[in-house]
Amino acid sequence: MDPAQAMHPYEKLPLFGTGLVLGLFLIGLHLVMLLKAQPVQGFLKKFPRNQQLGQVLMGVGLIWFWLLVAKPGRGPLHYLAMDLGDQFNATKPLLRILVPVLIVALGIAIKEFLAVRALGLLGLMAAAPLLESAFLKDPQSRLLIPLWTYALIIASLYWVGMPYLFRDLVSWATARQARWKALSVVGLAYGAAIVLCALLFWRGY
């Protein structure tokens, strides 16, 4: 088998392209936070109890997971199928049945902070491709991506397990406008640094 075909799509992600996407996302997100502070703060304060949005995000996260445990094959439903190793591959058929059930059950059963838990799930799902894009690449500046991703993983674990901390974090960040602006500027600068490194150092990786 061609080694390139044996690689998972995550392993083929380029550092340059992934860096640009992540950097531009952070720039756009924090620009909106800076320029539209009041609407964004209002949205974030209501987000934890937004049941409908939580159901949508939970569905997206679990469908993403289902694609990872799908049977190997051709076509869009099999493109992300991942080898989980001998110990866990045997559970994949069961997971393929349980995930659709969980999409419905969790969306109905969880009433408290479903949106935050779902956001945490999406954060954990997004971590793998981000880390793979920077794995064993030469430029030391690539560490900007893993550093942000590990922060995302830690935050996501808390959001899944202790989602009320998201509410507390929003309350802290919005308590003072100077603090909100400082956080927005730091995020904007981090995104700009990633884009700059991608354009200067990550081409070809």
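The values are calculated or read from the model by the stated rules, or taken from the named source; none is laboratory data. Since we're looking at a predicted model, the values are computed, not measured. Because the Cβ atoms are built from the backbone with ideal geometry, glycine has one as well, and the counts that use them run over all protein chains shown.
When we screen Leu200, Leu183 for residues that are under 24 Å from Leu13 (Cα atoms) and part of a helix (DSSP H, G or I), the only hit is Leu200. The set of residues from the range 78-134 being farther than 30 Å from Asp168 by Cβ and either in contact (Cβ under 8 Å) with a residue 40 or more places away in the chain or in contact with a Phe, Trp or Tyr (Cβ under 9 Å, 6 or more places away or on another chain) (or both) comprises Tyr79, Leu80, Met82, Asp83, Leu95, Arg96, Val99, Pro100, Glu132, Ser133, Ala134. A Cβ distance below 8 Å, combined with a sequence gap of six or more or placement on separate chains, defines the contacts here; from the range 145-173, residues that are in contact (Cβ under 8 Å) with a residue 12 or more places away in the chain and under 30 Å from Leu20 (Cβ atoms) reach no residue that is outside any helix (DSSP H, G or I) and not hydrophobic (A, V, I, L, M, F, W, C). Restricting the range 8-40 to residues that are surrounded by 16 or more Cβ atoms within 10 Å (Cβ to Cβ) and over 17 Å from the mean Cα position of the chain (by Cα) leaves a set whose member that is farthest from Lys181 (Cα to Cα) is His8. Of all the criteria given as (1) closer than 30 Å to Arg176 by Cβ; (2) surrounded by 12 or more Cβ atoms within 10 Å (Cβ to Cβ), the one not satisfied by Leu62 is (1). Scanning the range 150-183 for residues that are surrounded by 16 or more Cβ atoms within 10 Å (Cβ to Cβ) and in contact with a Phe, Trp or Tyr (Cβ under 7 Å, 6 or more places away or on another chain), we see that the one that is nearest to Lys46 (Cα to Cα) is Phe166. Please give the number of the condition Gln87 fails out of (1) under 30 Å from Trp202 (Cβ atoms); (2) exposed (fewer than 15 other Cβ atoms within 10 Å of the Cβ). Gln87 satisfies all of (1) under 30 Å from Trp202 (Cβ atoms); (2) exposed (fewer than 15 other Cβ atoms within 10 Å of the Cβ) except (1). Residues in the range 76-111 that are more than 21 Å from the chain's Cα centre (by Cα) and of a type in the set (Asp, Glu): Asp86 alone.
From the list Arg167, Arg117, Arg176, the one residue that fits, being basic (Lys, Arg) and out of contact with any Pro (no Cβ under 6 Å at 6 or more places or on another chain), is Arg176.
Taking each residue of the range 60-74 that is in contact (Cβ under 8 Å) with a residue 24 or more places away in the chain and looking for partners that are outside any loop (DSSP other than H, G, I, E, B) and among the small types (Gly, Ala, Ser) with beta-carbon atoms closer than 7 Å, six or more apart or interchain, yields Gly61/Ala118. Checking each residue of the range 159-172 against the condition of being at positive phi, more than 16 Å from the chain's Cα centre (by Cα) and not β-branched (Val, Ile, Thr) gives no match. Of all the numbered requirements in (1) in contact with a Phe, Trp or Tyr (Cβ under 6 Å, 6 or more places away or on another chain); (2) more than 30 Å from Ala198 (Cβ to Cβ), Arg74 misses one, and that requirement is (1). Looking at this structure, is Ser141 small (Gly, Ala, Ser) and over 16 Å from the mean Cα position of the chain (by Cα)? For Ser141, the condition - small (Gly, Ala, Ser) and over 16 Å from the mean Cα position of the chain (by Cα) - is met.
Taking the stated definitions as given, is Gly120 under 21 Å from the mean Cα position of the chain (by Cα) and modelled with pLDDT under 95? Judged against the criteria, Gly120 is not a match.
Note on the range 5-110: enclosed helices (runs of 4 or more DSSP H) holding 2 or more residues that are closer than 16 Å to Pro129 by Cβ, out of contact with any Asp or Glu (no Cβ under 7 Å at 6 or more places or on another chain) and of a type in the set (A, V, I, L, M) are 15-35, 51-68.
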